[in-house]
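The values are calculated or read from the model by the stated rules, or taken from the named source; none is laboratory data. Predicted, not measured: the structure shown is a model, and the values here were computed from it. Backbone-built Cβ (ideal geometry, glycine too); neighbour counts: all protein chains shown. We work out accessible area using only protein heavy atoms, side chains counted, and drop any ligands, DNA or RNA first. Shrake-Rupley method; radii C 1.70, N 1.55, O 1.52, S 1.80 Å.
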Amino acid sequence: MLKKAYRLKNPRAFDATYRQHHVSADKYLILYAGRERTENSAEVKTGFAVSKKYHKRAVKRNRIKRLLRECCRLLIKTGQYQYKYQSLIFIPKAAALEANFSTIQNSVNFLLNKI
């Protein structure tokens, strides 16, 4: 579980991040980035959006969110989660259903380095 300091929870914050149009994608994920940070001390907030269109079963939707949260938690733990954006939103694609943890982790690292 991510600490509260790293979570993006407010619906207005999600909307503001979507409006910035900093988007990056690959086969498994779409990454939206918010506006650039002015202070280096502020934490990068992360959100995960998985709709019912992704999969009807909540078990499948929750599984991909758990995988994404764990990837971000490991990046925070190693200190590699310092990016120039204030907020990030991860949205999985249909191909992520069959992907394992290492594939999702590689995808997250690729997108974070790309953006």
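Mind checking the full-extension length gain between T78 and S24? Use 0.36 nm per residue of separation minus the Cα-Cα distance, one decimal, nm.
Numbers: separation 54, 0.36 × 54 = 19.44 nm, distance 2.31 nm.
Between T78 and S24, full extension yields 17.1 nm more.
Would you kindly state how much longer the chain becomes between F101 and E43 on full extension, computed as 0.36 nm times their sequence separation minus their alpha carbon distance, in nm to one decimal? Mind dumping the intermediate values first?
Numbers: separation 58, 0.36 × 58 = 20.88 nm, distance 2.47 nm.
Length gained, F101 through E43: 18.4 nm.
What's the FRET efficiency of K9 with S51 using the Cβ-Cβ distance as r and R₀ = 22 Å, to the nearest 0.05?
Numbers: r = 17 Å, r/R0 = 0.77.
Result of the calculation: an efficiency of 0.85.
In whole percent, what relative contact order does the chain give with Cα contacts below 8 Å and a gap of six or more residues? Numbers along the way, then the final one.
Numbers: 164 pairs, mean separation 43.3, N = 115.
Result for the chain is 38 percent.
How compact is segment 25-74 by the rule of thumb for globular proteins, expressed as Cα Rg over 2.2 N^0.38 Å? Before the final figure, lay out each step's value.
Values: Rg = 13.5 Å, N = 50, 2.2 N^0.38 = 9.7 Å.
The value comes to 1.38.
Contact order normalised by length for segment 52-115, with contacts defined as Cα pairs under 8 Å and 6 or more residues apart; what percent is it? Write out the running numbers ahead of the final one.
Working: 22 pairs, mean separation 27.4, N = 64.
Across segment 52-115, relative contact order equals 43 percent.
Heavy atoms only, probe 1.4 Å: what % of the accessible area of the chain goes to carbon and sulfur, would you let me know?
Details: 3490 of 7070 Å².
Accessible surface attributable to carbon and sulfur in the chain totals 49 percent.
Going highest first, how would you order 23-30, 68-75, 53-60 by mean Cβ packing within 10 Å? Spell out each step's value before the answer.
Values: 23-30: 16.4, 68-75: 18.6, 53-60: 11.5.
Per-residue mean Cβ counts within 10 Å order the peptides as 68-75, 23-30, 53-60.
222 nm [θ] for the chain, helices only, -39500 (n - 2.57) per DSSP H run of 4+, per residue, to 500? It would help to have the intermediate numbers written out before the result.
On the way: 3 runs with 44 residues, N = 115.
Here the helix-only value at 222 nm equals -12500 deg cm²/dmol.
Provide the net charge surrounding S107, with neighbours chosen by a C-beta distance below 9 Å and charges set as Lys +1, Arg +1, Asp -1, Glu -1. Don't skip to the answer; put the middle values down first.
On the way: positive: K27; negative: D26.
The answer is 0.
Treat each spin label as a single point 7 Å out from the Cα along the C-beta direction, and report the K93 to V59 distance in nm.
Each label point is offset 7 Å from its Cα along the Cβ direction, giving 2.7 nm.
Heavy-atom accessible area per residue, the chain, 1.4 Å probe: how many Å²? Intermediate results must be reported in sequence, preceding the final value.
Working: 7070 Å² over 115 residues.
The answer is 61 Å² per residue.
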